[in-house]
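The values are calculated or read from the model by the stated rules, or taken from the named source; none is laboratory data. In this text, all values refer to a predicted model and were calculated from it rather than measured experimentally. Reconstructed Cβ throughout: ideal geometry from the backbone, glycine too, with neighbour counts over all protein chains shown. Note: areas computed on protein heavy atoms with side chains; ligands, DNA, RNA excluded. Shrake-Rupley method; radii C 1.70, N 1.55, O 1.52, S 1.80 Å.
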Amino acid sequence: MKTLLTNARLIDPEHGTDELGAILIEDGVIAAVGDVSSDGAQVVDCGGKCVAPGIVDIGVKVCEPGERHKESFRTAGLAAAAGGVTTMVTRPDTLPAIDSPEVLEFVERRANEAAPVRVMPMAALTRGREGREMTEIGFLQDAGAAAFTDCDNVVTNPKVFARCMTYAKSLDALVIAHPQDPTLSKGAAVTSGKFATLKGLPMVSPMAERMGLERDIALVEMTGARYHADNLSTAKSLPVLARAKADGLDVTAGVSIHHLTLNELDVGDYRTFFKVKPPLRSEDDRVAMIEAVASGLIDVISSMHTPQDEESKRLPFEEAASGAVALETLLPAAMRLVHAGYIDLPTLWRALSLNPSKRLGLETGRLAVGAPADLVMFDPDAPFVMDRETLRSKSKNTPYDGQRMQGKVIATFVGGAIVFGDL
Amino acid sequence: MTFRQKHLLGIEQLRPEEITTLLDLADKYVDLNRRQQKHSDALAGLTQINMFFENSTRTQSSFEIAGKRLGADVMNMAMQASSIKKGETLIDTALSLNAMHPDILVVRHPHSGAVDLLAEKVNCAVLNAGDGRHEHPTQALLDALTIRRAKGRLHRLNIAICGDIAHSRVARSNIMLLGKMENRIRLVGPPTLMPSQIDQFGVEVYDDMRKGIEGCDVVMMLRLQKERMDGGFIPSEREYYHRYGLDAEKLSYAKDDAIVMHPGPMNRGVEIDGTIADDINRSVIQEQVEMGVAVRMAAMDLLARNRREQPNEGVYV
């Protein structure tokens, strides 16, 4: 079975190119790129629309086990396929936490049965994500854990964290953390500043993130661990990250799409769909994060997909749960950065697909011969008004409801097979 | 008459002329309240429910008296003892209440924004009686009325708001109201009790009490909100009193005819010296309580009039 996509605008993050061409898919991999003959293949004329490597999304929350009413592997997988996400790297902050090989195997089985896209589960770094004892990192890695993280629970005890890092290092395992000083940010719902004061909400200084990052990086320097900061959001953190990279530490960092497209003022009159963790920041922070993505200082953009049902959100702001669904809106939201002129498509795809693939040691993220045919075909300009009821996720807590967006996925391929769209 | 609000959720939504309309009407209710026959029928036949999710004696009784004087059927719900303890959400509580067809809901809640949330879900006029650290509009209005009656105007005054600004919804509402009416506002207190970027609200910030109240027409003291403090904001109450407590010596820096205000309840010997609080030549603290009833009567009267004019308009569900 051969498929030839012709007349496609090929977005190649590896070579930084954006040009018309064709791409041949055979046996689930990319068989040829560029000027390809249609010999015996089913030909699809892309009509000049974009074809890019599928998005590799680090940090997706699927609420299995524990809260399947919020999101299941089936619904998350459908949302991912519709959003051009071909690999979901899932979070272990479920109920119970994914902290043993047995739970991990359950998750993998469910994911394989139910999700049309690739699922790579991460495992907890400490048991129950409690920050006390490390999990069976070796067994979990053998069972397929992509990385180790306690998600938004900070491992507060540096001794425990250092030991986890040292042990993970011996297995070449990736440690992912959410840098934050948990005592400074305790109870906070928004970022400190004029808006927080006006609305009378409990606030945290952006400095709490920098303090957390400084500590983590000191421990990385001490242990030599492979480290990824999953969700940086403030300008104050960037010099710390730049220094760690310049020092040659094995450090990368990500940013969520929300912190690139929204700011603290979007909360407006206590709109809880805009309550995320870390909280939305100032406009200066947002622009600084975009520039850091453009320069390559920030490596990865992720959706930080966090489904919450109505009951968790229809509460006073302080009491409402944090998080937003974003698998399906990641691509059009990220296109805002392109349409606003901050960044070009190959650079964007470096952060959405190539860098996360590299960080996890995957072959995806490239338009190279022999790479898996995980691809997304999309119209970068197609406009639409977001209606949350159309989302495939079980939870509809999107901050983009009612907003004008541009960029629509036409089709998504995983291993050469179409998982979304009709060609 | 200019007052186009459906609810009274905060000072933020009010325009200066609406504030003036409300205060003018409140002045009339002050006169009514001083008569022997204190009754009006402005709210006759209407049902007013007071929902206090946070303890309050003074504000709740003020709203209750205001409603009764205007002829409303007033009911107090002790929310702390009720279904909220059984796990019912705020919205479910609101919807159940809504089904009983109240006309006026008076709500106090410990979380900022909770009253706004509730107002979206019910089919009646909602008055915010204090939400978290956000707003306490009737307090700011009663303070404004007190100032206007004592000083003869509500503009171009030097007003110092002193003490625990960070935890105070009274301060936020007052800053907005007095700012809208074009007064010069100074905030005085230790920097640990100043909220972030408060200097961007068109105020001057002082951490020296004497400099802060120098030449002021109005000295407004705030209560030190010990119950909202989750860590050490001040070294001790005695050091706080020494540096920021209002006594005769510090007050001597203000204008000779400056008035002293306090929203109550007072911590005597912490933020204010008892003799100052009781000095009838300087302190208008008792007048504030009196104005409170009148302002609440005016607010409920205006909202009820708007409701009669446009019974089915708006976002009601």
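Taking the criterion of being free of Cβ contacts under 8 Å to residues at least 60 places away in the same chain, among the hydrophobic types (A, V, I, L, M, F, W, C) and part of a helix (DSSP H, G or I), the residues of region A:239-272 that qualify are A:240, A:241, A:242, A:244, A:246.
Taking the criterion of being in a helix (DSSP H, G or I) and open to solvent by 20 Å² or more (accessible area, probe 1.4 Å), would at least one residue in region A:64-74 satisfy it? Show your work before the answer.
Step one: of region A:64-74, the residues in a helix (DSSP H, G or I) are A:73-74.
This time we only want the ones that are open to solvent by 20 Å² or more (accessible area, probe 1.4 Å), so: A:74.
Among the residues of region A:64-74, at least one is in a helix (DSSP H, G or I) and open to solvent by 20 Å² or more (accessible area, probe 1.4 Å), which makes the answer yes.
Among the residues of region B:190-209, those identified as more than 14 Å from chain A (Cβ to nearest Cβ) and buried (at least 18 other Cβ atoms within 10 Å of the Cβ) are B:190, B:206, B:209.
Conditions tested, residue by residue: (1) within 14 Å of chain A (Cβ to nearest Cβ); (2) of a type in the set (S, T, N, Q).
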| position | (1), (2) |
| --- | --- |
| B:73 | no, no |
| B:80 | no, yes |
| B:93 | yes, yes |
| B:97 | no, no |
| B:103 | no, no |
| B:106 | no, no |
| B:126 | yes, no |
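Restricting attention to region A:202-228, and to residues there that are in contact with a strand residue (DSSP E or B) (Cβ under 7 Å, 6 or more places away or on another chain) and more than 14 Å from chain B (Cβ to nearest Cβ), which single residue is most open to solvent (accessible area, probe 1.4 Å)? Please lay out each step first, then the result.
The initial filter retains those residues of region A:202-228 that are in contact with a strand residue (DSSP E or B) (Cβ under 7 Å, 6 or more places away or on another chain), namely A:203-204, A:206, A:213, A:216-217, A:220, A:225-228.
Filter again for more than 14 Å from chain B (Cβ to nearest Cβ), leaving A:213, A:216-217, A:220, A:225-228.
On the way: A:213: 1, A:216: 5, A:217: 16, A:220: 1, A:225: 1, A:226: 51, A:227: 0, A:228: 3 Å².
The residue in question is A:226.
Residue B:236 fulfils the conditions (1) closer than 30 Å to residue A:186 by Cβ; (2) of a type in the set (S, T, N, Q); (3) at pLDDT 95 or above except for a single criterion, (3). Could you go through region B:146-155 and let me know if any residue there is over 26 Å from residue B:271 (Cα atoms), among the hydroxyl-bearing types (Ser, Thr, Tyr) and touching a residue at least 12 places away in the same chain (Cβ under 8 Å). The answer is no; no qualifying residue exists.
Checking B:247, B:217 one by one, the residue that is touching a helix residue (DSSP H, G or I) at 6+ places or on another chain (Cβ under 9 Å) and over 18 Å from residue B:275 (Cα atoms) is B:217 and no other. The set of residues in region B:101-151 that are farther than 26 Å from residue A:190 by Cβ and basic (Lys, Arg) comprises B:148, B:149, B:151.
Output the residues belonging to region B:51-78 that are within 20 Å of residue B:265 (Cβ to Cβ) and modelled with pLDDT under 95. Step through it out loud before you land on a result.
Start the filter on region B:51-78 by keeping residues that are within 20 Å of residue B:265 (Cβ to Cβ), which leaves B:52-66, B:76, B:78.
Listed by number, the residues that qualify are B:52, B:53, B:54, B:55, B:56, B:57, B:58, B:76, B:78.
Taken together, the residues in region A:33-63 that are in contact (Cβ under 8 Å) with a residue 12 or more places away in the chain and surrounded by fewer than 16 Cβ atoms within 10 Å (Cβ to Cβ) amount to 9.
Within the bounds of region B:230-249, is there any residue that is open to solvent by 10 Å² or more (accessible area, probe 1.4 Å), of a type in the set (A, V, I, L, M), more than 29 Å from residue A:195 (Cβ to Cβ) and more than 20 Å from the chain's Cα centre (by Cα)? Among the residues of region B:230-249, at least one is open to solvent by 10 Å² or more (accessible area, probe 1.4 Å), of a type in the set (A, V, I, L, M), more than 29 Å from residue A:195 (Cβ to Cβ) and more than 20 Å from the chain's Cα centre (by Cα), which makes the answer yes.
From B:150, B:160, grab the single residue that is more than 11 Å from chain A (Cβ to nearest Cβ), within 28 Å of residue B:281 (Cα to Cα) and either β-branched (Val, Ile, Thr) or in contact with a Cys (Cβ under 7 Å, 6 or more places away or on another chain) (or both).
Values: B:150 fails: either β-branched (Val, Ile, Thr) or in contact with a Cys (Cβ under 7 Å, 6 or more places away or on another chain) (or both).
B:160 is the lone residue from the list that is more than 11 Å from chain A (Cβ to nearest Cβ), within 28 Å of residue B:281 (Cα to Cα) and either β-branched (Val, Ile, Thr) or in contact with a Cys (Cβ under 7 Å, 6 or more places away or on another chain) (or both).
Somewhere in region A:157-165, is a residue touching a residue at least 24 places away in the same chain (Cβ under 8 Å), within 11 Å of another protein chain (Cβ to nearest Cβ) and out of contact with any Ser or Thr (no Cβ under 7 Å at 6 or more places or on another chain)? No - not one qualifying residue is present in region A:157-165.
Screening residue A:94 on (1) on the phi < 0 side of the Ramachandran plot; (2) outside any loop (DSSP other than H, G, I, E, B); (3) open to solvent by less than 20 Å² (accessible area, probe 1.4 Å) shows it passes everything except condition (2).
Please specify each residue of region A:116-142 satisfying the condition of being open to solvent by less than 20 Å² (accessible area, probe 1.4 Å) and among the small types (Gly, Ala, Ser). A:123, A:124, A:131, A:138 - these are the residues of region A:116-142 that are open to solvent by less than 20 Å² (accessible area, probe 1.4 Å) and among the small types (Gly, Ala, Ser).
Out of B:62, B:96, B:56, one residue alone is small (Gly, Ala, Ser), surrounded by fewer than 23 Cβ atoms within 10 Å (Cβ to Cβ) and not in a loop (DSSP other than H, G, I, E, B). It is B:96. Count of region A:172-197 residues, restricted to those that are among the aliphatic types (A, V, I, L, M) and more than 20 Å from residue A:132 (Cβ to Cβ), is 6. In the condition set (1) in a helix (DSSP H, G or I); (2) free of Cβ contacts under 8 Å to residues at least 24 places away in the same chain, residue A:356 is compliant with all but (2).
Filtering A:113, A:108 for residues that are of a type in the set (Asp, Glu), under 22 Å from the mean Cα position of the chain (by Cα) and more than 24 Å from residue A:160 (Cα to Cα) leaves a single hit, A:108. Just the residues that are more than 7 Å from chain B (Cβ to nearest Cβ), open to solvent by 20 Å² or more (accessible area, probe 1.4 Å) and in a loop (DSSP other than H, G, I, E, B), please, taken from region A:188-201. Hit for region A:188-201 is A:188, nothing else.
Would you be able to say whether some residue in region B:127-143 is surrounded by fewer than 24 Cβ atoms within 10 Å (Cβ to Cβ) and either in a helix (DSSP H, G or I) or at positive phi (or both)? Within region B:127-143, not a single residue is surrounded by fewer than 24 Cβ atoms within 10 Å (Cβ to Cβ) and either in a helix (DSSP H, G or I) or at positive phi (or both).
So in region A:371-423, with the set limited to residues that are of a type in the set (Val, Ile, Thr) and not in a strand (DSSP E or B), which one is surrounded by the most Cβ atoms within 10 Å (Cβ to Cβ)?
Just the residues of region A:371-423 that are of a type in the set (Val, Ile, Thr), to begin with: A:376, A:385, A:390, A:398, A:409-410, A:412, A:414, A:418-419.
Okay, now just the ones that are also not in a strand (DSSP E or B), so A:390, A:398.
On the way: A:390: 10, A:398: 21.
Ranking the qualifying residues of region A:371-423, first place goes to A:398.
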